[in-house]
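The values are calculated or read from the model by the stated rules, or taken from the named source; none is laboratory data. Computed from a prediction, not measured in an experiment: that's the story for all the values here. Cβ coordinates were reconstructed from backbone atoms using ideal geometry, including for glycine residues, and neighbour counts include every protein chain displayed. We work out accessible area using only protein heavy atoms, side chains counted, and drop any ligands, DNA or RNA first. Shrake-Rupley method; radii C 1.70, N 1.55, O 1.52, S 1.80 Å.
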Amino acid sequence: MESAPNGHGHDHGHGEDHIHPPPSNFLTKYVFSTDHKVIAVQFFCMGFTMFLVGGLFALLLRWQIAFPFQPLPFGLGKVIYASAPGNTMPPESYPTLVTMHGTVMVFFVIIPLLTGAFGNYLIPLKIGARDMAFPLLNMLSYWVAVPAGILIIMAFLTEAGGPGAGWTSYPPLSALPQASPGSGTGQTLWLLSIFCVGWSSIMGGINYLTTIINLRAPGMSLTRMPLSVWALFITSVLQVLATPVLAAASILLLFDKLLGTSFFLPAGVNVGGQAIAQAGGGNPLLFQHLFWFYSHPAVYILVLPAMGLVSDIIPTFTRKPIFGYKAMAYSMAAIAGLGFIVWGHHMFQAGMNPYVATSFMVATMVIATPSSVKVFNWLGSLYGGSIRFTTPMLCCLAFVSMFIIGGLSGVFLAATPVDIFFHDTYYVVAHIHYVVFGGSVFGIFAGLYYWFPKVTGRKMSEFWGKVHFWLSFISFNGVFFPMHILGIGGMMRRIADPTIYQHLAPLQSWNVYITMFAVVLGFSQFIVIANIAVSLLRGERVGENPWEATTLEWTTASPPPYYNYLQIPTVHHPPYEFSVPGMESDYIVQSAPPRSA
Amino acid sequence: MTLGTPRLRPRLALALAFSIAAVLTAVAAPAFADATAPAAAPAPRTYRFGDWPPDLSKHGAELQGLYDKILYVTGAVFFLTEGLLLFFLWKYRAQPGKRAHYSHGHMGLEVGWTLLPVVIFVVLGVTSADMWARMKDRNLFPKDAFTVKVTGRQFEWLIRYPGKDGLFGTEDDYETINDLHVPYDKPVRVRLTAQDVIHSFFLPELRVKQDAVPGLETEIWFEASRAAKTEIACAELCGLGHYRMRGSVTIEPLPQVLNWIQTEKEDE
């Protein structure tokens, strides 16, 4: 650690605590910074930019589904599909857009925003540390994510076509350029990008674990940690244990593509009458097992930190302690643990032994329990509160109510016989978006509105926050609720034109309706961008603790100084001491002096 | 927040204008498309909110029954939790002079709402296991089934009938593309594989789906309940033509199916 520039980890626990001056060089201050707060903002900017890119892909998809192969409105087709005949979507673009939308949203929006941005910003501040345990590693984890982002955009722009095998990239489709134009260079770049982003994720996870275990301020016992820190701790365990498996899967697939191996290609594979010479001995299901062994835990990487953020914000605006703190922490640990033994539920119809599927079904049913415990605890946290309806609170309530829907729709998919019909239909699309958009993205919005004053020293506009919230909330439901109806109607995922099927043609008006709301949902996001921009310059200035909250980050200046705390705080209280009887103030910050017994 | 303050009014107006513009954009969008759209094909059946596709299978009712059972349980949970949420939001809204209730939780409640879901979910799981085994365990498949081999390849379904002798790989096998003829009131067994990439054999109106994987033979069975025409769809992304990987299914009496196979074979 001696070699780490500006490392503070070694200061801690050695008695003497000195403060380094902040870097004065522009490059080390804002670009190659080792300050967790700057890295967090860098992750946020990258994640939010990619959110717009992924959203644009979604809108192009939605247009195609509602109005198959018709020109885009306002002559946009001339720009977007400039080289395509008739300036309409070429058939090979649809799978590419499907792939890019999923990949960008999972790997470059939700994970970087939740763990990269919020994780980085909040962990040291909330546990009372000056920085991460490994500041240089922290910087590296960002600077590996950047080339990953560049690679994924390059993959998309590849001349032969972007990757088109879905975000799941199942071989043989993803392995054979003969089978899909995007499975050549495009898919190779995709794999390299995923490899880099996984690497970044592992480096982040190791850093968070070390920081949380070693750098907690005096008095910050594990059971006094805010739930967001618990959530990020558990998420980091998932990142560190699961991501190497994804790395293995992507390297094996790269070997199949570049070195002529055959890990995933069985004998006799033949594309368009042309036998594939290298094929033999491999098994396509092996990739699915490896991929989902990572990607199911990854679903929890996508939602656990948001659960943590929400659990932190709700007590502040109900003015009462979180209901069942320990149950909240245990249930997250249970979700993470069980999350490792449910991956097979993505493969019920893939050709596994049906009795293996049954055991995965039971595990999946059981994992619904800790999730429902969390929901009941959030409800318990509202009970008896004094609820303030601020924008961050509204986003938290959206998180809870939408997560309920996303959780419940999962039960249908977990039941194997019902899944025979619903697998790979829009029911799955509805389910994942209720969890990841209704859940995680609203959790991110909540965090954005809540911690923006801490990061910038200025509050975002509450009014425009509420406009953004209501437009997003209503149009979100307008987009994704009808997808359950489409699922029941039997509409397959990832099809470019549903109207050619006799069982789907009568459902087409739903697709038009969904696309309308998708346009509203997409454009509503410009409100939050404008709100960020205007609030940065003209937002109301706030002090240390504008929300009257209790956790440590609210005891330092807004924005916090380079070294976070002039003096490392000592913690005397649990994280959510609101409305303690017999006290004049209705909150006690964690580092307040102990009450006389 | 009152709507009347002069400082707020211009912002409110702007917000309203934005919302209206957003909604108008959404509403106007189809108009642009319709201008160039070919006349939509007439809907072949009337559709009501939340309909499943018509059910031509014998096991469909049981599958939907299980769906309904889960719907009742999850529906109850949905109304209970969302109802309580809304009620609490109203009941415990911040009011001047009213302090929040200081409490860290309740052990009995925690244990209760942990155990209850475990029981419900495990019961749901066990209820599902039996039907699942019947549908997918080939040792439990009906013995006297009408069997076909289906091979998925970009972007069509290769269908192989055993012919009169009931055996595959003999002279009288008949192979066709995208044209599946099966009997009703008799179990149909489909032996699936794929030639190039993974496909998924989906018969929405017969309520079956099974991936077709290269290098692997997977199987599915069903029993149709009446004569009808329906479709095969591909449910696993298989390339740029995935969306049009469609086959036709003709369900007719067994003698007619056998007759059709023989006639087609002779015409070859």
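Here are the numbers:
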{"item": "Within the stretch A:538-582, considering residues that are over 20 Å from residue B:105 (Cα atoms), in a loop (DSSP other than H, G, I, E, B) and of a type in the set (A, V, I, L, M, F, W, C), the one most open to solvent (accessible area, probe 1.4 Å)", "result": "A:566"}
{"item": "2 or more residues among the aromatic types (Phe, Trp, Tyr), out of contact with any Lys or Arg (no Cβ under 8 Å at 6 or more places or on another chain) and touching a residue at least 60 places away in the same chain (Cβ under 8 Å): qualifying helices (runs of 4 or more DSSP H) within the stretch A:18-126", "result": "A:36-66"}
{"item": "Pairs, first without any contact (Cβ under 8 Å) to a residue 40 or more places away in the chain and among the hydrophobic types (A, V, I, L, M, F, W, C) in the stretch A:260-273, second surrounded by fewer than 22 Cβ atoms within 10 Å (Cβ to Cβ) and outside any loop (DSSP other than H, G, I, E, B), C-beta under 9 Å, six or more apart", "result": "A:263/A:252; A:263/A:255; A:263/A:286"}
{"item": "Counted residues, the stretch A:323-356 - those being part of a helix (DSSP H, G or I) and farther than 21 Å from residue A:242 by Cβ", "result": "6"}
{"item": "Matching entry among A:327, A:414 (being open to solvent by less than 10 Å² (accessible area, probe 1.4 Å), aliphatic (A, V, I, L, M) and either touching a helix residue (DSSP H, G or I) at 6+ places or on another chain (Cβ under 6 Å) or at pLDDT 95 or above (or both))", "result": "A:414"}
{"item": "Residue list for the stretch A:487-497, filter: closer than 13 Å to residue B:235 by Cβ and open to solvent by 10 Å² or more (accessible area, probe 1.4 Å)", "result": "A:493, A:494"}
{"item": "Candidates A:247, A:277, filtered to the one that is assigned to a helix (DSSP H, G or I), at negative phi and more than 12 Å from every other protein chain (Cβ to nearest Cβ)", "result": "A:247"}
{"item": "Matching residues, the stretch B:38-56, being touching a Ser or Thr at 6+ places or on another chain (Cβ under 9 Å), modelled with pLDDT of 90 or more and facing chain A (nearest Cβ under 7 Å)", "result": "B:53"}
{"item": "Meets criteria (of a type in the set (Phe, Trp, Tyr) and in contact with a helix residue (DSSP H, G or I) (Cβ under 6 Å, 6 or more places away or on another chain)) for residue B:161", "result": "yes"}
{"item": "Residue check for residue A:217: in contact with a Gly (Cβ under 9 Å, 6 or more places away or on another chain), farther than 24 Å from residue A:279 by Cα and not in a helix (DSSP H, G or I)", "result": "yes"}
{"item": "Residues within the stretch B:214-226 that are open to solvent by less than 10 Å² (accessible area, probe 1.4 Å), under 15 Å from residue A:354 (Cβ atoms) and at the interface with chain A (Cβ under 7 Å from one of its Cβ atoms), tallied", "result": "1"}
{"item": "The stretch A:81-98: number of residues that are in contact with a helix residue (DSSP H, G or I) (Cβ under 7 Å, 6 or more places away or on another chain) and more than 10 Å from every other protein chain (Cβ to nearest Cβ)", "result": "4"}
{"item": "Subset of the stretch A:29-49 [among the polar types (S, T, N, Q) and surrounded by 19 or more Cβ atoms within 10 Å (Cβ to Cβ)]", "result": "A:33, A:34, A:42"}
{"item": "Pick from the stretch B:136-150, criterion open to solvent by less than 30 Å² (accessible area, probe 1.4 Å) and within 19 Å of residue B:199 (Cα to Cα), ranking: nearest to the chain's Cα centre (by Cα)", "result": "B:136"}
{"item": "Of all residues in the stretch B:123-172 being out of contact with any Ser or Thr (no Cβ under 6 Å at 6 or more places or on another chain) and aromatic (Phe, Trp, Tyr), the one that is nearest to residue A:176 (Cα to Cα)", "result": "B:155"}
{"item": "Residue within the stretch A:515-535 that is away from chain B (no Cβ under 14 Å) and either in contact (Cβ under 8 Å) with a residue 12 or more places away in the chain or open to solvent by less than 10 Å² (accessible area, probe 1.4 Å) (or both) present", "result": "yes"}
{"item": "Candidates A:52, A:56, A:113, filtered to the one that is in contact with a helix residue (DSSP H, G or I) (Cβ under 9 Å, 6 or more places away or on another chain), away from chain B (no Cβ under 13 Å), open to solvent by less than 10 Å² (accessible area, probe 1.4 Å) and of a type in the set (A, V, I, L, M)", "result": "A:113"}
{"item": "In the stretch A:498-514, the residues that are open to solvent by less than 10 Å² (accessible area, probe 1.4 Å), within 7 Å of chain B (Cβ to nearest Cβ) and either part of a helix (DSSP H, G or I) or within 20 Å of residue A:60 (Cβ to Cβ) (or both)", "result": "A:507"}
{"item": "Enumeration of residues in the stretch A:427-445 that are buried (at least 23 other Cβ atoms within 10 Å of the Cβ) and within 11 Å of chain B (Cβ to nearest Cβ)", "result": "A:427"}
{"item": "Odd one out for residue B:240, checked against (1) within 22 Å of the chain's Cα centre (by Cα); (2) among the aliphatic types (A, V, I, L, M); (3) modelled with pLDDT of 95 or more", "result": "(3)"}
{"item": "Residues within the stretch A:570-597 that are more than 23 Å from residue A:217 (Cα to Cα) and in contact with a Gly (Cβ under 7 Å, 6 or more places away or on another chain), tallied", "result": "0"}
{"item": "Any hit, the stretch B:156-173, residues being more than 18 Å from residue B:259 (Cα to Cα), within 14 Å of chain A (Cβ to nearest Cβ) and open to solvent by 30 Å² or more (accessible area, probe 1.4 Å)", "result": "yes"}
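So that you can scan it fast, the table gives a plain yes or no per residue for (1) of a type in the set (A, V, I, L, M); (2) closer than 22 Å to residue A:533 by Cα; (3) at pLDDT below 95:
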{"residue": "A:424", "(1), (2), (3)": "no, no, no"}
{"residue": "A:448", "(1), (2), (3)": "yes, yes, no"}
{"residue": "A:455", "(1), (2), (3)": "yes, yes, no"}
{"residue": "A:458", "(1), (2), (3)": "no, yes, no"}
{"residue": "A:476", "(1), (2), (3)": "no, no, no"}
{"residue": "A:479", "(1), (2), (3)": "yes, no, no"}
{"residue": "A:491", "(1), (2), (3)": "yes, no, no"}
{"residue": "A:518", "(1), (2), (3)": "yes, no, no"}
{"residue": "A:522", "(1), (2), (3)": "no, yes, no"}
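Residue by residue, here is whether (1) assigned to a helix (DSSP H, G or I); (2) of a type outside the set (Gly, Ala, Ser); (3) more than 8 Å from every other protein chain (Cβ to nearest Cβ) holds:
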{"position": "B:80", "(1), (2), (3)": "yes, yes, yes"}
{"position": "B:99", "(1), (2), (3)": "no, yes, no"}
{"position": "B:108", "(1), (2), (3)": "yes, no, yes"}
{"position": "B:111", "(1), (2), (3)": "yes, yes, yes"}
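Residue by residue, here is whether (1) loosely packed, with under 13 Cβ neighbours inside 10 Å; (2) in contact with a Gly (Cβ under 6 Å, 6 or more places away or on another chain); (3) in contact (Cβ under 8 Å) with a residue 60 or more places away in the chain holds:
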{"site": "B:49", "(1), (2), (3)": "yes, no, no"}
{"site": "B:52", "(1), (2), (3)": "no, no, no"}
{"site": "B:69", "(1), (2), (3)": "no, no, no"}
{"site": "B:79", "(1), (2), (3)": "yes, no, no"}
{"site": "B:105", "(1), (2), (3)": "no, yes, no"}
{"site": "B:110", "(1), (2), (3)": "no, yes, no"}
